[in-house]
Amino acid sequence: MQNRTIGIIATVVTALACGCASLFSCIWGFLIARGTPIDVTSNGTTTPQTFPPAIGFSLLCASLVLILIPVAVGFFTLRKKPGSAEVNIPS
């Protein structure tokens, strides 16, 4: 495999993995930061609870980081390196 193919595969895999996690944490972070009560079931008893908004804001920040990871992977694996210009030497 070429380095470019490996870079594309790495970008797609990180985009799928981090994309799903960031979507999940963004939705829950938004709900928790708004103060939406969440039903918690323990031993068959369901009670609505609210979580501190700091947890919601932390999840929103984490989702931002998870969105930036595939961008960084794509940039660093697919960019052309300045010193790697191909030179054709006639034989």
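The values are calculated or read from the model by the stated rules, or taken from the named source; none is laboratory data. In this text the structure is predicted, and so the values were computed from the model without any measurement. Virtual Cβ from ideal backbone geometry, glycine too; neighbours counted across all protein chains shown. Side chains are part of the model used for accessible areas, which takes the heavy atoms of the whole protein and leaves out ligands, DNA and RNA. Shrake-Rupley method; radii C 1.70, N 1.55, O 1.52, S 1.80 Å.
For the reader, a short list of remarks on this structure follows.
- Of all accessible heavy-atom area on the chain, the percent that carbon and sulfur account for (1.4 Å): 70
- Calculated over the chain: convex hull of Cα atoms, volume per residue (Å³): 108
- Helix 53-78 and the longest principal axis of the Cα set of the chain meet at an angle near 10°.
- For the listed peptides 47-55, 35-43, 65-73, a ranking on the average number of other beta carbons within 10 Å per residue, highest first, reads 65-73, 47-55, 35-43.
- Principal-axis tilt of helix 3-34 within the chain, Cα atoms, nearest 10 degrees: 20
- Surface exposure of the chain, expressed per residue as accessible area with a 1.4 Å probe, stands at 77 Å².
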